[in-house]
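Read the structure below first, then the notes.
The values are calculated or read from the model by the stated rules, or taken from the named source; none is laboratory data. Note that this is a predicted model, so its numbers are computed, not measured. Counting neighbours? That spans all protein chains shown, and the Cβs are built from the backbone with ideal geometry, glycine included. The accessibility values were calculated without ligands, DNA or RNA, using every heavy atom of the protein model including side chains. Shrake-Rupley method; radii C 1.70, N 1.55, O 1.52, S 1.80 Å.
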Amino acid sequence: MDVRTFATASEANAAALAELTREVRTQQEPVICFATGSTYAPIYAAIDAAVATGALELQKVIATHLDEYLEHEPETENGMVHEIVTRCPPLARLLARGRFWAVPSSGDPQLLRGHEARLATIGGISLVFLGIGRNGHIAFNEPGTPFEVGFHRTKLAETTREDARSRFAPKEPPREAVTAGLRTILGARRIVLVATGAGKAQAVRAMLEGPVTVSCPASALRQHGAVTVLLDAAAASALSLARREAHGS
Ligand code: F6R
């Protein structure tokens, strides 16, 4: 694993943008799977700005995303696709052109299998962006999820619902979602995970230094050969000193 620690979150975010730019420059038709959440809000702003200045070109990209709240269509406020395309107009343009493939949010297993198969027909995901939950989840693979599962319907952990509460208030946050499975994620050619802030420090430590176990879904990434982890100093703060020093924080 290539673990890089930066002094600030904005440097980690700039490194994530650089990974996207590199992918787009080196692949004919890159298939990029995007994440949502507060970690990615500034990254979407940076992508938008880079496209506006011509530093980044997304025309050739097939975009998709990790996960969606159950029964949230792309136009449903608070949904994941809605969040991505609102934050990042270039991705809204891909959606309008049929080049942003939304995860079927009904939870119908046949449709989810169809989505996975559709991605496979164009060569699979070339680059997947991930965040990490404070309970060690990636996408909505909550602790206990087996590593061998593809796209599926899932129940959200209480900490995940708690973190989503302000987004849905005064309504209750959803209890269920659809998500790329760990098999889907591990099937991508490259993986970039971004974690910023002290709230992620324990989950980052479990991912990198704890056992590889379903209790920490992010630890599954240690089974993949091309993972880049971009951390700010706060998210790296619980790592062993040797590892922190090795990566220059
Ligand atoms: C969202 C997703 C989640 C988040 C994680 C961190 O698409 O896949 O795994 O990446 O919950 O969320 P934030 O960035 O809001 O802390």
- Item | Failed criterion for T160 (all others in (1) of a type in the set (S, T, Y); (2) over 17 Å from H65 (Cα atoms); (3) in contact with a strand residue (DSSP E or B) (Cβ under 8 Å, 6 or more places away or on another chain) hold) | (3)
- Restricting the search to region 1-14, which residues are at pLDDT 95 or above and not charged (D, E, K, R)? V3, T5, F6, A7, T8, A9, S10, A12, N13, A14
- Message: Checking the structure you have, find out if any residue of region 153-166 is more than 9 Å from the ligand (Cβ to nearest atom), in contact with a Leu (Cβ under 8 Å, 6 or more places away or on another chain) and at pLDDT 95 or above.
- Response: yes
- Flagged in region 31-50 as of a type in the set (S, T, N, Q) and either over 13 Å from A12 (Cα atoms) or surrounded by fewer than 21 Cβ atoms within 10 Å (Cβ to Cβ) (or both), in numbering order, are T36, S38
- Does R25 qualify as being open to solvent by 20 Å² or more (accessible area, probe 1.4 Å) and over 30 Å from A234 (Cα atoms)? yes
- Determine which single condition I185 fails, assuming it passes every other condition in (1) within 12 Å of the ligand (Cβ to nearest atom); (2) farther than 15 Å from D67 by Cα; (3) surrounded by 19 or more Cβ atoms within 10 Å (Cβ to Cβ). (2)
- Message: I'd like the full set of residues that are touching a helix residue (DSSP H, G or I) at 6+ places or on another chain (Cβ under 8 Å) and either away from the ligand (no atom under 16 Å from the Cβ) or over 25 Å from E162 (Cβ atoms) (or both), limited to region 34-50.
- Response: A45, A46, I47, D48, A50
- Selection count, region 222-237, where residues are farther than 18 Å from G133 by Cβ and in contact (Cβ under 8 Å) with a residue 24 or more places away in the chain: 5
- Whichever residue in region 126-138 is within 14 Å of L182 (Cα to Cα) and touching a Gly at 6+ places or on another chain (Cβ under 8 Å) and, among such residues, is surrounded by the fewest Cβ atoms within 10 Å (Cβ to Cβ): G131
- Message: Please pick out the residue among A198, A235 that is at pLDDT 95 or above and open to solvent by less than 10 Å² (accessible area, probe 1.4 Å).
- Response: A235
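Only one residue in L17, L56 is part of a loop (DSSP other than H, G, I, E, B) and either modelled with pLDDT of 95 or more or within 15 Å of the ligand (Cβ to nearest atom) (or both), so which one is that?
Values: L17 fails: part of a loop (DSSP other than H, G, I, E, B).
Only one candidate passes the filter, namely L56.
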